[in-house]
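Before any comments, here is the structure.
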């Protein structure tokens, strides 16, 4: 049996409490909220990671706890579907960079790093973690039907180019 407890906060009460919080205040304040859970996400992740043999398609990292199934078209896009060809196995760093449009992937599976990031001078993570990927190719699934959809990649790549 599953059970849960719901508490409804009054907005006026919440506003009074948060207005009184200062940097020196050691209290922790919580907000009760409603969330949407993507029920398809677990299955999507399992299928994408299986297609990529449980490794990052950019760096070959194989620690499953550090891998995500990144959507090519974001989950909230009306045309996005939770299918393998709309996914790429990425480690958490590259997933965040892909979602932030720091990394772009061409329809021909070539990795590009955004120009402003390529021109930055920073520590070894930028140099060896991001810049080194520029103009290399992603690692594709062994089964061709699981490869990223070129039309979806092209659409996503155009977003990347618009911020470059």
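None of the figures in this text is laboratory data; all of them are computed from the coordinates on show. Just so we're clear, the structure is a prediction, and the values are computed from it rather than from any experiment. Using ideal geometry, Cβ is built from the backbone for each residue, glycine included, and neighbour counts are taken over all protein chains shown.
Order 41-51, 111-121 from most to least packed using the mean count of other Cβ atoms within 10 Å.
Ranked by mean Cβ neighbours within 10 Å, highest first: 41-51, 111-121.
With the cut-off at 18 Å, report for segment 29-129 the share of all Cα pairs above it, as a whole percent.
54
Zone of residue 96 (label point 7 Å along Cα→Cβ, backbone N under 15 Å): which residues in segment 31-74?
Correct set: 66-68.
Tell me, what is the FRET efficiency for residue 140 and residue 28 to the nearest 0.05, using R0 = 41 angstrom and their Cβ-Cβ distance as r?
0.35
Suppose we take every Cα in segment 98-137 and form the convex hull; what volume per residue is that in Å³?
Spelled out: Cα convex hull of segment 98-137, divided by residues, is 63 Å³.
What's the extension gain from residue 118 to residue 50 if we count 0.36 nm per residue and subtract their Cα-Cα distance?
Between residue 118 and residue 50, full extension yields 21.3 nm more.
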